[in-house]
Structure formats: C-alpha cells, structure tokens
1. With charges only on Cβ, +1 for K and R and -1 for D and E, what is the dipole size of segment 1-73 about its Cα centre, in debye, rounded to 20?
2. At 7 Å along Cα-to-Cβ for each site, give me the label-to-label distance between Q106 and C138 in nm.
3. Of I19, I8, which has the most accessible area and how do the rest follow, probe 1.4 Å?
4. Net charge near V145, counting Lys/Arg +1 and Asp/Glu -1 over other residues with Cβ under 15 Å of its Cβ?
5. Show that you can apply the helix-only estimate: for the chain, add -39,500 (n - 2.57) for every DSSP H stretch of four or more residues, divide by all residues, and state [θ] at 222 nm to the nearest 500.
6. Grab the other residues whose beta carbon is less than 11 angstrom from that of V115, score K and R as +1, D and E as -1, and report the net.
7. Among (1) 16.0; (2) 19.3; (3) 16.7, find the value of Kirkwood radius over Cα pairs in Å that was calculated from the structure presented, and write down its label.
8. Using label points projected 7 Å from each Cα along Cα→Cβ, tell me how many nm separate N119 and V145, to one decimal.
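The values are calculated or read from the model by the stated rules, or taken from the named source; none is laboratory data. The shown structure was predicted, so the numbers you read here are calculated from the model rather than taken from an experiment. With ideal geometry, Cβ positions are generated from the backbone for all residues, glycine too; neighbour counts draw on all protein chains shown. Heavy atoms of the whole protein, side chains included, go into the accessibility calculation; ligands, DNA and RNA do not. Shrake-Rupley method; radii C 1.70, N 1.55, O 1.52, S 1.80 Å.
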Amino acid sequence: MYLSERYISDADADEIKNIIDGIAKDSPSPEWYSSTIGGDDFHLMPRQEELGDIIDHYEHILGRELQLLNAWSVYGDEGNFHLVHRHHKFPKYICTVLFLDTEGVQSPHGDFYAVLNNNVYQFSPQKGDLLIFSSDVCHGTYPQVKGLRQTLNMDFRNLGQRNVSRKV
C-alpha cells in the first residue's frame, strides 16, 4: 500500500490537457464508474491509441513499463466530489490521478484524500500534480465549492523495470 506525489511541468500538463480535451467530449460516459457525484466522466479506453505519448511519459516518470488497464477523465465543478472508493482490492496495480486543471478550486473544498494504514492523508492538488498509489488505497475528494477540477485517471499493470534505452 503506497501513495506518492510527483509534479509535472505546466507545459506538460497543458499538452496532456489538450490531448484529453480533444478526445474526451467524443468519448462515452463510463457505465461502470460510480464514485463521481455531480461531475462529467469520459471513458478514454476506446481512444487509448491516442494516449500513447502520455503513457510513455508516465513510464519515464515511474521508471517502469506499464500496461494500461483503464483510463478516464473527470470534469468537475461546483458540488462535484468523489465517494470513497478503491480501484481493485489487491495492491498489484498502479493507479494515477493527474490534475490537469484546478482553476478556482480552493482548499479544503475539492481536496483529494486517501486512507493508508488507518491514517487519512489530504492533498490540495494544483495543476500538474500527479498522485500515484496502489490500487488497494481507499480515496476520494471533498465537495468543491467553486472552480473547475479536471483529472486524467489511469490504472496500469506494472510490467517491471523500464528499459532505459527506450525513446521517450
């Protein structure tokens, strides 16, 4: 069970946001996803070939080869929150949440929280924050009072150490 935070540059976050904005609105709402309250979810797996550069970037950041299991984006505004949930009950998968936009969201409203070893950890995410955690970590968000919070959420199978000679 683990949780870590990384930061990607505003330029990289903007580039990823442009990719996601370009495919999300044409993507279906995920019928299997039920933790978002009051936001718009877009299932990105039907367009996963367009996520290749993002996956390469994540592999570089994590130093791991990854197999994409699931991908979706959430656009949340006033009143949006996520019920506490976990993605899988076993810790063998890597879950990520990249904050693409947090304009106008003010802490503690809209903060991300996670429960690890009976402790609650709270993050006030900013654009470019990348949260990485095992799939058995229970997590959610507090309701937003105002602003826009857009995330890219991807779950991966860890295929092992990344081959450093691969091109990023």
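1. On the way: 5 positive and 16 negative charges, 51 e Å.
With Lys and Arg at +1 and Asp and Glu at -1, about 240 debye.
2. If labels sit at Q106 and C138, their model points lie 3.1 nm apart.
3. Working: I19 50, I8 10 Å².
Largest accessible area first, the residues go I19, I8.
4. Numbers: positive: K146, R149; negative: D77, E78, E103, D111.
Value of the local net charge: -2.
5. Details: 2 runs with 26 residues, N = 168.
When only DSSP H runs of four or more count, the value is -5000 deg cm²/dmol.
6. Working: positive: R86; negative: D136.
Net charge in that neighbourhood comes out at 0.
7. (1)
8. About 2.8 nm, to one decimal.
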